[in-house]
Amino acid sequence: MKAVGLVRGKEGVHLFDAPKPTITSPRQVLVKVIEAGIDGTDFETVTHNRFSMSQEEDTMIIGHEAVGIIEEVGSEVSTLAVGDVVVPTVRRGCGLCAPCLHNRSDMCQTGLYTERGIKGANGYFTEFFVDDEDYLVRVPDGLEPYAVLSEPLSIAEKAVDEIKHFRSRVFWSCNHPEHSIESQGWGNCKVALVIGAGSLGFLSTAVLRLSGIHTFVAEIAPEDSLKVRLIKELGAHYLNTKDKTAHEVTAEIGNPDIIIEASGATELALNLTTGLARNGVCVLTGIPSGSKEVCLEGDLMARTLVLENQIVFGSVNSGRTHFDMALQDLQRLREEYGTTLSKVIQTRYSLGDYKDAFLKRDAEGIKSVFNIYEGGV
Ligand code: BGC
Ligand code: ZN
């Protein structure tokens, strides 16, 4: 079968032939890939040639966002059937630490986890993969066309869920019982700033908007670009941060209760934490690849963190429950912002077009995907 990824000892991205995987234990499932999303991490893996397979392997299939259709199930598979449409999770636990043993490898304590398509395991830029039923989440009918967004959406779900966890310290922060942290409209009366309008920024904005949060999105893009238009369609406000300091940003929008960093723009993001509102929470989800030194207003930052009870934290990967939340929110997004959602994926490539997919990094759209099995969605 065709596969796209890294080849040991060679630079860049390659198309190669890989053996079709087969079921080797009773709880495994064979999945035919319909679509696989291309993400910043894939570009990083290729650019920095992060080959991380065992000595026996000379190739590494990349890609970690996928939707597929089940072609075969092992004899003990009980929750899935042939023909079901599924999305796979990414991380496989170390098998040693408590979080991994409790199916929360996104919180792995040893760092010995693998990630399909990223770290030590083959990914989904290919025609078939095999995995345990525990790592496959069934896609409800009607959501198939958007299901490839489940993985990045699950990252946003985890980040927002943790924000809610921290916000629950002050669940009485406004006087409206209907905005309690447990309610669907918990975000009303709150202001958020999302940094970055790529797929993670867009999907984080979508989750915040579903909770009624007044949301600003910081990006550097022309006002009439698709990115900006889609952000506005979600009811969020666009903020062009070109050449703006953190102080200028907060002078414009006030002090946000929530910041979601989804761009890897370290300097602006960390300095913006000084603009958080009292009891504010900032989560970093973008993964900067460089080692650039940045200038931070350290004293101001520490002072406001202490005097204003603020929290700045990082969040990576997602657990299976976050995939369930993602699929529920995809359903709500389809109902409330259906036409917007259908414009998120602008570019579809075949595996054979892998060079274009990696060269023409899609600047205009929000997400590009490999469309692998045409008969799929
Ligand atoms: C993926 C995560 C992964 C992270 C770090 C992200 O692009 O969406 O699932 O944990 O990269 O490797
Ligand atoms: Zn672990």
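The values are calculated or read from the model by the stated rules, or taken from the named source; none is laboratory data. In this text the structure is predicted, and so the values were computed from the model without any measurement. Positions of Cβ are backbone-derived with ideal geometry, glycine not excepted, and every protein chain shown enters the neighbour counts. Quick note on the areas: whole protein, heavy atoms, side chains included, nothing else; ligands and nucleic acids left out. Shrake-Rupley method; radii C 1.70, N 1.55, O 1.52, S 1.80 Å.
Just a few scattered comments:
- Only a single item in (1) closer than 24 Å to Met107 by Cα; (2) touching a residue at least 12 places away in the same chain (Cβ under 8 Å); (3) not in a helix (DSSP H, G or I) is not met by Asn188, and it is number (1).
- In the set (1) buried (at least 17 other Cβ atoms within 10 Å of the Cβ); (2) within 30 Å of Asn309 (Cα to Cα); (3) of a type outside the set (A, V, I, L, M); (4) more than 16 Å from ligand 2 (Cβ to nearest atom), the condition left unmet by Gly185 is number (1).
- Single residue of Asn240, Asn271 found to be without any contact (Cβ under 8 Å) to a residue 24 or more places away in the chain and under 17 Å from Gly196 (Cβ atoms): Asn240
Per-residue answers, yes or no, for (1) open to solvent by 70 Å² or more (accessible area, probe 1.4 Å); (2) touching a Phe, Trp or Tyr at 6+ places or on another chain (Cβ under 7 Å); (3) under 29 Å from Thr273 (Cβ atoms); (4) free of Cβ contacts under 8 Å to residues at least 12 places away in the same chain:
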site	(1), (2), (3), (4)
Glu308	no, no, yes, no
Thr321	yes, no, yes, yes
Gln328	yes, no, no, yes
Glu335	yes, no, no, yes
Asp356	no, yes, no, yes
Lys367	no, no, yes, no
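- Residues that are hydrophobic (A, V, I, L, M, F, W, C) and open to solvent by 30 Å² or more (accessible area, probe 1.4 Å), drawn from the stretch 17-41: Ile23
- Which listed residue, of Thr22, Thr47, Thr79, is in contact with a helix residue (DSSP H, G or I) (Cβ under 6 Å, 6 or more places away or on another chain), of a type in the set (Ser, Thr, Tyr) and over 19 Å from Leu149 (Cα atoms): Thr79
- Criterion (within 16 Å of ligand 2 (Cβ to nearest atom) and in contact with a helix residue (DSSP H, G or I) (Cβ under 6 Å, 6 or more places away or on another chain)) met by exactly one of Arg116, Arg91: Arg91
- Residue that is at pLDDT below 95 and not in a helix (DSSP H, G or I), where the choices are Ile287, Ile259: Ile287
- Meets criteria (in the same structural domain as Thr126 (by TED's automatic domain parsing) and assigned to a strand (DSSP E or B)) for Ile69: yes
- Scanning the stretch 94-108 for residues that are open to solvent by less than 40 Å² (accessible area, probe 1.4 Å) and more than 18 Å from Ala156 (Cβ to Cβ) yields Cys94, Cys97, Pro99, Cys100, Ser105, Cys108.
- Looking only at the stretch 210-235, residues that are open to solvent by 40 Å² or more (accessible area, probe 1.4 Å), assigned to a helix (DSSP H, G or I) and free of Cβ contacts under 8 Å to residues at least 60 places away in the same chain come to 2 in all.
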